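The values are calculated or read from the model by the stated rules, or taken from the named source; none is laboratory data. Values in this document were obtained by computation on a predicted structure and should not be read as measured data. Glycine gets a Cβ as well: all are built from the backbone with ideal geometry, and neighbour counts include every protein chain shown.
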Amino acid sequence: MKKLLVIMALVLVGAWCAMPGAFAQAEGDTPVAEAGSGSESGNSSSSAGSSGSSGGGFVDVVKSGGFMGILLWVFLFLGVVACVYFIVDCSINVRISRIMPPQLVGSVTEAMEQGDVFKALEACEQWPGPMANILSAGFSHVEEGYEVIQESIASSAELESEQLMQGISYLSVVGSLAPMLGLLGTVQGMIFAFSSLATEAGATQTAMLALNISQALYTTAAGLSTALPAVACFFIFRNKANKIILRMEGITIDLIKDLRNVEVVEE
């Protein structure tokens, strides 16, 4: 599962980086046709050719958006970086072996069968993690009674679950913001497109209109290509985390049952 998610993250970055080149190649044929058709009208041919050659690339599309357009693309790129980071981070942290190591469960079970709370605490220190923190919270209040132990474990379990889900929720944030950034770029591109219709004329108007519409489509595609894997991975990790949390709570309840009859002897 971890390798699959890492591969998906790398594919996402590669696809996002290759997308401008693919669109630029598709747009590269259009200026040639425009230049060819414009050759029949004398001076308008050179204007159309120069406009098409200077405005067909992805870099030209980004520059045409001005300061706000460049800033928008910076945020879109940061969204891709954040998406990849949180996917890799969740694939590492949201695992049974990391949250509740089998060695910890075995050592604590053995210690509880022997009635040795201090040995169980040593096992929690040896195998740190969310479950170790929950058990340590209960074992440190063993002298105060079983009810206090249950309350301590419940509070610690809620805190650990919240921290686990907090890391996963960042994927939802990325999945929500990326389409918004793409939509903002779309609106900006359409504003520039209609502005060019009012201020330009002839072949220049056509070139500017195509350039501004390209900007709108680029940002939309970039936002959606970032949001789709982020939202998909959010639901995958959220469901996985919920299953692990439920399993951890069940195992913890079974372990602390033995504390009802445990007596701590001070040495």
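Here is how the numbers come out for the structure above:
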item: Any hit, segment 91-106, residues being surrounded by fewer than 19 Cβ atoms within 10 Å (Cβ to Cβ), in contact with a helix residue (DSSP H, G or I) (Cβ under 6 Å, 6 or more places away or on another chain) and of a type in the set (S, T, N, Q); result: no
item: Some residue of segment 236-256 being assigned to a helix (DSSP H, G or I), at pLDDT below 80, surrounded by fewer than 18 Cβ atoms within 10 Å (Cβ to Cβ) and more than 35 Å from the chain's Cα centre (by Cα); result: no
item: Any hit, segment 195-218, residues being acidic (Asp, Glu) and part of a helix (DSSP H, G or I); result: no
item: Single condition ALA198 does not satisfy, out of (1) of a type in the set (Gly, Ala, Ser); (2) under 15 Å from ASP60 (Cα atoms); (3) surrounded by fewer than 18 Cβ atoms within 10 Å (Cβ to Cβ); result: (2)
item: GLY202 vs. criteria within 24 Å of LEU78 (Cβ to Cβ), at pLDDT below 90 and small (Gly, Ala, Ser); result: no
item: Cβ-Cβ under 8 Å pairs, at least 6 apart or on other chains, segment 96-112 side farther than 21 Å from SER161 by Cα and in contact (Cβ under 8 Å) with a residue 60 or more places away in the chain, far side of a type outside the set (Gly, Ala, Ser) and surrounded by 14 or more Cβ atoms within 10 Å (Cβ to Cβ); result: THR109/LEU255; MET112/LEU255; MET112/ASP258; MET112/LEU259; MET112/VAL262
item: Candidates SER172, SER161, SER196 - the one that is modelled with pLDDT of 80 or more and farther than 24 Å from VAL84 by Cβ; result: SER161
item: Matching option when the condition is of a type in the set (Gly, Ala, Ser) and closer than 30 Å to ILE256 by Cβ, among SER172, SER91, SER176, SER161; result: SER161
item: Top-ranked residue of segment 257-267 - restricted to ones that are assigned to a helix (DSSP H, G or I) and touching a helix residue (DSSP H, G or I) at 6+ places or on another chain (Cβ under 9 Å), ranked as modelled with the lowest pLDDT; result: ARG260
item: Segment 219-235: number of residues that are free of Cβ contacts under 8 Å to residues at least 60 places away in the same chain, of a type in the set (Gly, Ala, Ser) and either closer than 23 Å to ILE70 by Cα or not in a helix (DSSP H, G or I) (or both); result: 1
item: Qualifying residues in segment 152-178 (those that are free of Cβ contacts under 8 Å to residues at least 24 places away in the same chain and surrounded by fewer than 14 Cβ atoms within 10 Å (Cβ to Cβ)) - the one nearest to PHE118 (Cα to Cα); result: SER155
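Matching residues to (1) modelled with pLDDT under 85; (2) of a type in the set (Gly, Ala, Ser); (3) part of a helix (DSSP H, G or I); (4) surrounded by 15 or more Cβ atoms within 10 Å (Cβ to Cβ):
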residue	(1), (2), (3), (4)
ILE87	no, no, yes, yes
GLU113	yes, no, yes, no
PHE118	yes, no, yes, no
GLY138	yes, yes, yes, yes
VAL148	yes, no, yes, no
